[in-house]
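What follows is one structure encoded as structure tokens, with my remarks underneath.
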Amino acid sequence: MPTRVSRRRFVTAGLATGAAGLFAASRRAAARDKTPPATPAAGAPAVVTRGAARPVMVGSWNAAKFTNGGPRTGIAEAYEKMLRGDDVLDALLAGVAILELDPTEDSVGYGGLPNADGVVQLDACCMHGPTRRAGGVAALEGVRTPSKVARAVLDETDHHLLVGRGAQEFARRLGFTIEDDLNTEHSRRLWLEWKRRLD
């Protein structure tokens, strides 16, 4: 069984890996240019590129596992779109949607584990570096792809976060399908088992 890693350890490891990669790139560039390399003590190293940089993908374990019955995982889909030159945020959200729509994945989107009342409430947020804008939703009910609603918050409003009924009404006004229940047989079974253990 795969070992689960806490989000804090995952983010810390990702930042350390990214910093090490930047430092290594700086040293390689310095060797080519015969200039002294940047050192970690001097702050963030300068990155010198000699051509188009290839994108780097960092994602959670489920992004590299679930396909929603398609040919690629969420992370592979996002990577392919970035290589083709798609906007990075569009590419990432296309990858995230694969997870959100996969009924066998129970942490996000359709079939996500419900709250104590058996209701699936979903959160999502996104940021777009070039425009320096962000959007998010929290406790959103009835929409299988909360990441798309978060993107709409970014694109269509002056807000950064819409929550609960307000987020759902916003999604409804934009034409998102609102469903009564986002549970799958799997998520409902897990919720009922959780309730049984509480009694």
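Suppose we filter Arg144, Arg197 for residues that are of a type in the set (D, E, K, R), open to solvent by 50 Å² or more (accessible area, probe 1.4 Å) and within 16 Å of the chain's Cα centre (by Cα); which single one remains? Walk me through it before giving the result.
Details: Arg197 fails: within 16 Å of the chain's Cα centre (by Cα).
Result of the check over Arg144, Arg197: Arg144.
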Hits in region 87-129 (condition: open to solvent by 70 Å² or more (accessible area, probe 1.4 Å), assigned to a loop (DSSP other than H, G, I, E, B) and not hydroxyl-bearing (Ser, Thr, Tyr)): Leu113, Asp117
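Please tell me if Leu182 is modelled with pLDDT of 95 or more, buried (at least 20 other Cβ atoms within 10 Å of the Cβ), assigned to a loop (DSSP other than H, G, I, E, B) and of a type in the set (A, V, I, L, M).
It is true that Leu182 is modelled with pLDDT of 95 or more, buried (at least 20 other Cβ atoms within 10 Å of the Cβ), assigned to a loop (DSSP other than H, G, I, E, B) and of a type in the set (A, V, I, L, M).
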Where the second residue is outside any loop (DSSP other than H, G, I, E, B) and open to solvent by 10 Å² or more (accessible area, probe 1.4 Å) and the first is without any contact (Cβ under 8 Å) to a residue 12 or more places away in the chain and farther than 17 Å from Ile178 by Cα and lies in region 95-115, which pairs have Cβ atoms under 9 Å and are six or more apart or on separate chains? Asn115/Gln121; Asn115/Ala139; Asn115/Trp191
Give the number of residues within region 155-179 that are assigned to a loop (DSSP other than H, G, I, E, B) and out of contact with any Lys or Arg (no Cβ under 6 Å at 6 or more places or on another chain). 9
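The values are calculated or read from the model by the stated rules, or taken from the named source; none is laboratory data. In this text, all values refer to a predicted model and were calculated from it rather than measured experimentally. Positions of Cβ are generated from backbone atoms using ideal geometry, with glycine treated the same way; all protein chains shown enter the neighbour counts. Please note that ligands, DNA and RNA were not included when accessible areas were found on the heavy atoms of the full protein model with its side chains. Shrake-Rupley method; radii C 1.70, N 1.55, O 1.52, S 1.80 Å.
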